[in-house]
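Structure first, commentary second.
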Amino acid sequence: SSGSDFGSSNVRFIEKPEIAVFIGEGTSSLQAGEVWHFFDQQLNYPATLIHTDHMSRTDFHKFNTIVLPSGSYSGVFDDETTKNLQSWIRSGGKLIAMGNTISTISGMEGFNIKASYSNDAESDNSPEGKLKVYGDRERANATNTTPGAIYKTTLDVTHPLAFGYEESYFSLKVNASSFSYLEKGWNVGTVRSNAHMSGFVGNQAKQKLENSLTFGIQSYGSGNVVYMVDNPLFRGFWENGKLLFVNSLFFVGN
């Protein structure tokens, strides 16, 4: 009785995601398990699990969506695998990079995401800075960490990734990884000033996290890269993040 009819240009066709999830060496077993559990036990949607040992032999073109759970892929991405992955994205594939995976691909050609702070910028190389007190080591280390803190994330609700959300999303940060806003892309979820809501966060970590990216989308040729700095599926109980992950599968790039 109201709204657009099915023949309207406002009704969009959604391509069925053919999804691959990489697991095994180089990936975080915890986050790989969270992603696997979400597909298998909650979303009830098929996803092919591929061990990273087989990445170099994988035909990426069998899939249109690849999920890389958090991990360190530096030992997995050889030159040939990297070129195949980049070619697959350029030809229309969608890569969902989560957590520490973003640190690995941020230095690769074509990926526009950059860390906000370098380790060199944080170190004090002055003579006084080298006179550290052993008894203060735990306190000093804590200034640059956050074992778990809730941050208010501002969402661009006009973007498909944020479909169904209000302008504020409360995200769980379990480390102090910080990335700059995308210069070429969509900064869908961002941490602004005074966004820390609850939980411990060190002074240096708090500075790093201000005005940083939480969720972003980058066009890459005919494809897309979805950056998820924070884990929306944390331990299967971060309920408010699950729709974000589903939106990244079904809406982004369609």
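The values are calculated or read from the model by the stated rules, or taken from the named source; none is laboratory data. No experiment lies behind these values; they were computed from the predicted model shown. Counting neighbours? That spans all protein chains shown, and the Cβs are built from the backbone with ideal geometry, glycine included. To get the accessible areas, we keep the full protein, side chains included, count just its heavy atoms, and leave off ligands, DNA and RNA. Shrake-Rupley method; radii C 1.70, N 1.55, O 1.52, S 1.80 Å.
Reported to two decimal places, what Rg/Rh ratio describes the range 66-121 when computed on Cα atoms with Rh from the Kirkwood expression? Mind showing how you got there, number by number?
Working: Rg = 11.8 Å, Rh = 12.1 Å.
When Rh is taken as the Kirkwood radius, the ratio is 0.97.
So, in Å, what gap is there between the alpha-carbon centers of the range 152-224 and the range 10-59?
Between the Cα centres of the range 152-224 and the range 10-59 lies a distance of 23 Å.
Going down the list K83/K206; K62/K173; K152/K184; K16/K173; K83/K208; K114/K152, which pairs span over 27 Å between their C-alpha atoms?
Details: K83/K206 36 Å; K62/K173 34 Å; K152/K184 24 Å; K16/K173 31 Å; K83/K208 32 Å; K114/K152 21 Å.
Among K83/K206; K62/K173; K152/K184; K16/K173; K83/K208; K114/K152, the Cα-Cα distance tops 27 Å for K83/K206; K62/K173; K16/K173; K83/K208.
Pop out the ³J(HN,Hα) list for the range 163-173 in order, Karplus 6.51 cos²θ - 1.76 cosθ + 1.60 with θ = phi - 60°, rounded to Hz; leave Gly and Pro as x.
For the range 163-173, the Karplus-derived couplings read 4, x, 10, 7, 6, 10, 10, 9, 10, 9, 9 Hz, x marking Gly and Pro.
Report ³J(HN,Hα) in whole Hz for each residue of the range 217-230, in order, from the Karplus equation J = 6.51 cos²θ - 1.76 cosθ + 1.60 where θ = phi - 60°; Gly and Pro get x.
Along the range 217-230, the couplings run 10, 10, 6, 9, x, 8, x, 9, 10, 9, 9, 10, 5, 9 Hz.
Students often get this wrong: which residues of the range 169-195 have the backbone nitrogen under 12 Å from the point 7 angstrom along Cα-to-C-beta of I150?
Zone members listed by number: 169-173.
Given a Förster distance of 30 angstrom, what is the FRET efficiency for T82 paired with W36, based on the Cβ-Cβ distance and rounded to 0.05? Working shown, then result.
Details: r = 24 Å, r/R0 = 0.81.
That pair, T82 with W36, gives E of 0.80.
At R0 = 25 Å, how high is the FRET efficiency between N194 and Y45 if r is their beta carbon distance? Nearest 0.05 is fine.
Details: r = 38 Å, r/R0 = 1.51.
Computed FRET efficiency for N194 and Y45: 0.10.
Specify which residue in the list G199, G253, G24 is farthest towards the positive end of the charge dipole of the chain, using unit charges on the beta carbon of Lys, Arg (+1) and Asp, Glu (-1), about the Cα centre.
So the residue furthest toward the plus end is G199.
So how strong a dipole does the chain carry about its Cα centre when Lys and Arg Cβ are +1 and Asp and Glu Cβ are -1, to the nearest 20 debye?
With only Lys, Arg, Asp and Glu charged at Cβ, the dipole is about 240 debye.
Based on Cβ point charges of +1 for Lys and Arg and -1 for Asp and Glu, what charge dipole magnitude is obtained for the range 182-254 about its Cα centre, in debye rounded to the nearest 20? Show your work: numbers first, answer last.
Details: 6 positive and 4 negative charges, 18 e Å.
Here the size comes out at about 80 debye.
What base-10 log of the normalised intensity I(q)/I(0) is obtained for the chain from the Debye formula, alpha carbons as equal point scatterers, at q = 0.10, 0.15, 0.17 Å⁻¹?
Cα-only, vacuum Debye calculation for the chain: -0.52, -1.11, -1.37.
Can you compute the helix-only [θ] at 222 nm over the chain? Use -39500 (n - 2.57) per DSSP H run of at least 4 residues, normalise by all residues, nearest 500 deg cm²/dmol. Write out the running numbers ahead of the final one.
Working: 7 runs with 52 residues, N = 254.
So the calculated ellipticity at 222 nm is -5500 deg cm²/dmol.
Using the per-residue mean of other Cβ atoms lying within 10 Å as a proxy for protection, in what order, highest first, do the peptides 75-88, 2-15 fall?
On the way: 75-88: 15.3, 2-15: 7.9.
Result, highest mean first: 75-88, 2-15.
With a 1.4 Å probe and all protein chains in place, put H37, H196 in order of accessible area, largest first. List each step's numbers first, then the result.
Working: H37 90, H196 55 Å².
Descending order: H37, H196.
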